[in-house]
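Okay, structure first, notes after.
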């Protein structure tokens, strides 16, 4: 694959695996913008957060190589994949790291657990403009075509001018017909958490086991500046996500509490 | 295990496994403060970040039960373990979730990858005062005794008055003799990232594989208010970590960039 100076180099990954419909849609849009290098796991890696593979080695397989597209599989997590691609597979730093389209929203605290957003955060740690896209629909038959227009719009607005250091974008798209989407809204992460998170069962030997499950609880459903509100009200939410997790506003108060 | 009204209930976990020296030291200190419920994996779960186990069920085994201590193993990640303990194993919400002591520092961006800090962040999402402790020493022979005094001090200062919603503490302890430690310093997360992250090898069949490795690069070694600086200069660093990853300072600027 040769690179033209004005051609964007785009690293694409996801956490739903190589054969996910959301990934297919993302590739279709990204091919309009430049040359793509796609690296994904054969199987889904949902809920992997920024997990790293430290106990087993990673292997990579080149599946396809054309002038405008290279496709690899890798047995790592989304975070591993971005690290490996940047360090070993790409000829130069990509202009964008784009992740998704996730099957299901990654709004509110789901950003903390999301493999889709982990890839974007990792890209951002390398100083690359990085975005994670998610569609608010977990079903297998989810229609990702609604996402295309908004992915195109977000990437055009983002461009190649660098975001500030340590910031990437978390984009969630409501699962409604395109004409019902009211536009893009810049938001903050809603306060919330997950509740009643396990289903307890007995196996055929009578031993207890637990399945992770649960319901998301929005702690501020009335606030109209959150990603959860945007999704519930027909907007595409865009949250600038910071890799700096310091609660800066609280450091002075913590000094008082610690009498320092 | 019966609970006296004035006795603290403390959930302890880690990401280095049930037999880690750092965990042993943490238990010794925490037993001074109340009744403990310890839940850990048999094997280490380093670098698991906030990964969730969604494809396999979780199993729990009670190993020990006395008046002041219950010990379980669980096949989940640190995040799973906190969720499962809070939902299924504990009679009531614990007063503290305490995680560690990690074998190796979790300063700067390592907070994003750390299983130790993931447990603290998960506790915090349940509204529990939560702290992750790490010793800046990866070696097997690390001497954790230096940590005791400072863990005691941090937990006394923290007390049971709730931290603000969505904040937990990331505590890193330098690996030097106790008398050389200059005190506790409230810090922010240093800017940095990992570089040269893979070692490429050939297996006996001639096929390529990669081991995750790398070196941390501090982007602001001169700044004296970061956790990295504190550790390098003989202080225990305490960073208030926020579960809200929104880059709030950038939302208005992003609106301008998106012409919204």
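Read-outs throughout are calculated quantities, based only on the coordinates presented, and are distinct from any laboratory measurement. Keep in mind it's a predicted model, so treat the numbers as computed, not measured. Note that each Cβ is placed from the backbone with ideal geometry, even for glycine, and that neighbours are counted across all protein chains shown.
Could you check how many residues of region A:32-53 are surrounded by fewer than 16 Cβ atoms within 10 Å (Cβ to Cβ) and in contact with a strand residue (DSSP E or B) (Cβ under 7 Å, 6 or more places away or on another chain)?
Residues of region A:32-53 surrounded by fewer than 16 Cβ atoms within 10 Å (Cβ to Cβ): A:32, A:42-43.
If we keep only those that are in contact with a strand residue (DSSP E or B) (Cβ under 7 Å, 6 or more places away or on another chain) too, we end up with A:42.
Number satisfying all stated conditions: 1.
I'd like to know if region A:38-58 contains one or more residues that are more than 21 Å from residue B:52 (Cβ to Cβ), within 16 Å of the chain's Cα centre (by Cα), assigned to a strand (DSSP E or B) and touching a residue at least 24 places away in the same chain (Cβ under 8 Å).
The answer is yes, given that some residue of region A:38-58 is more than 21 Å from residue B:52 (Cβ to Cβ), within 16 Å of the chain's Cα centre (by Cα), assigned to a strand (DSSP E or B) and touching a residue at least 24 places away in the same chain (Cβ under 8 Å).
Select from region B:231-249 the residues that are without any contact (Cβ under 8 Å) to a residue 12 or more places away in the chain and in contact with a strand residue (DSSP E or B) (Cβ under 8 Å, 6 or more places away or on another chain) and list them in ascending order.
B:245, B:246, B:247, B:248
With the requirement that a residue be in a loop (DSSP other than H, G, I, E, B), away from every other protein chain (no Cβ under 13 Å) and over 17 Å from residue B:22 (Cβ atoms), what does region B:160-180 give you?
First pass over region B:160-180, keeping only residues in a loop (DSSP other than H, G, I, E, B): B:160-166, B:174-177.
Then keep just the ones that are away from every other protein chain (no Cβ under 13 Å); that gives B:174-177.
Across region B:160-180, the qualifying residue is only B:177.
From B:199, B:228, grab the single residue that is farther than 30 Å from residue B:9 by Cβ, part of a strand (DSSP E or B) and in contact with a strand residue (DSSP E or B) (Cβ under 9 Å, 6 or more places away or on another chain). I'd like the intermediate steps shown before the answer.
Details: B:228 fails: part of a strand (DSSP E or B).
Unique residue meeting the criteria: B:199.
Name the pairs: first residue in region B:22-33 and over 16 Å from residue B:132 (Cα atoms), second residue surrounded by 14 or more Cβ atoms within 10 Å (Cβ to Cβ), Cβ to Cβ under 6 Å, at least 6 apart or on different chains?
Every condition considered, the pairs that remain are B:33/B:8.
State the number of residues belonging to region A:199-235 that are within 13 Å of residue A:187 (Cα to Cα) and within 10 Å of chain B (Cβ to nearest Cβ).
3
Out of B:204, B:221, which single residue is out of contact with any helix residue (DSSP H, G or I) (no Cβ under 9 Å at 6 or more places or on another chain) and part of a loop (DSSP other than H, G, I, E, B)?
B:204
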